[in-house]
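Accompanying notes for the structure given below.
The values are calculated or read from the model by the stated rules, or taken from the named source; none is laboratory data. None of the values given here were measured: they were computed from a predicted structure. Cβ coordinates were reconstructed from backbone atoms using ideal geometry, including for glycine residues, and neighbour counts include every protein chain displayed.
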Amino acid sequence: MNELNLVLGLYDNPENQLQPYYEINLYRNNLAIFGTSMSGKTTLIKTILVRLHQIAKTEDVKDAVYILDFSRGLDEFKNMPFVASYCLSDNEDNIRILFKTLEERLKSNSDKLGEKIFIDSDAPPIHVTLIIDGINLFLAEEHYNVYHEKLLKLAREGISKGIDIIFTASEPSGLVNKLLPSFNRLIAFDLPKDKYMDVFSVKVEKPLVTPGRGLANIDGKVYEFQSFLPHVEESDKDLVEKVNGDMSAVDWLKECKITTLPDVLKPDNALVTGAESKDGAYENGVLVGLDYYSHKRVVLPPLNKAQSIAIYGKKNYGQDNLLKLIVNNALGTEDVKFVFWEDGRKASADIIEYIRSAGKSVEVVEKKVDFVRAIREVQE
């Protein structure tokens, strides 16, 4: 049986006159954390990240962490060894890739586990923890509505397949309420008194209004809870540097890592950013970009092997840049001739001038018959 227990704080158990550790097993539990601003939600997320990495120093833990940081409070933690992806609220492309990756991970884990559930597997796949800090902000963004059903599915099916979810929220409302049936661990810091009933579905006394002080459910009962800080004296930056320095390279994380594309993608940084080319890529071909999801290099055949290459798209959406990449590949060939069929609008004037400035021959025709004739001459 696999266990990944993190100690997050202490809870009061007056019935037994005890103050035990509050633990959560990431292999068994989704965790929802509620509270008003500055009540301790993001600090608890930091504690979870630090505890996870501390355990990994002594145990064989393989847990890839994906972070959606809508609170913008986890920036210092984005480079920790287990963090495979870190997205801010305006990283629309990376969030799209993240959910695509999670869908594929859910399927691949299901295939590997077969009829077993994650905690009962003798050879479990890599575990994944999805952290959403500020889920109300995420759900309020209309252009992220497409991920609501995907998130509900992950919450329902993820635990048995090796994917758990931890989120923070300012209140239980809207889609958050639909998610809660799949969350068996709940923590509520400072909230309006009537909101605790919405979280725990039982009447409880409001805890002391102190950062990190709240309520937590354990085995169907609700107890007062005090969370641990991720550190005592260190700043977030110093703490992360210390944790990183204590850990060796994490080789297994490579297959989970989501590479962030540079703001401007060019052939030189595509060679650095992109993974190996797709199977069947052409030797000496034209590197034109990276696959949107896998980030593997996309390579077109060299022009002496390609019969035709069609480029579709609206004006100013990248056709000219792609054509220029292809032309650059051809400019390195000694015996090459360019023929442009123009319709009178001179849409290709810039690229024609670019070719001529490189000392290559360009023929421009305006009639289809002349274009066909020129092509046949080249082929002969």
Is one or more of the residues making up region 187-198 in a helix (DSSP H, G or I) and under 16 Å from the mean Cα position of the chain (by Cα)?
no
If we ask which residues in region 129-172 are over 21 Å from Lys41 (Cβ atoms) and polar (S, T, N, Q), their number turns out to be 2
* Asked: Could you say whether any residue in region 348-366 is over 20 Å from Ala310 (Cα atoms) and touching an Asp or Glu at 6+ places or on another chain (Cβ under 7 Å)?
  -> no
Counting only residues in region 199-226 that are part of a strand (DSSP E or B), under 33 Å from the mean Cα position of the chain (by Cα) and among the aliphatic types (A, V, I, L, M), the one surrounded by the most Cβ atoms within 10 Å (Cβ to Cβ) is identified as Ala216
Of (1) in a loop (DSSP other than H, G, I, E, B); (2) free of Cβ contacts under 8 Å to residues at least 60 places away in the same chain, Pro230 fails just (2)
Within region 173-209, residues among the aliphatic types (A, V, I, L, M) and under 21 Å from Leu44 (Cβ atoms) come out as Val176, Leu179, Leu180, Leu186, Ile187, Ala188, Leu191, Val199, Val204, Leu208, Val209
The condition of being surrounded by 12 or more Cβ atoms within 10 Å (Cβ to Cβ), over 32 Å from the mean Cα position of the chain (by Cα) and at pLDDT 80 or above holds, among Asp370, Asp320, only for Asp370
Practice item. Inspect region 43-54 for any residue being outside any helix (DSSP H, G or I) and either touching a His at 6+ places or on another chain (Cβ under 9 Å) or buried (at least 17 other Cβ atoms within 10 Å of the Cβ) (or both) and give the result as yes or no. Key: no
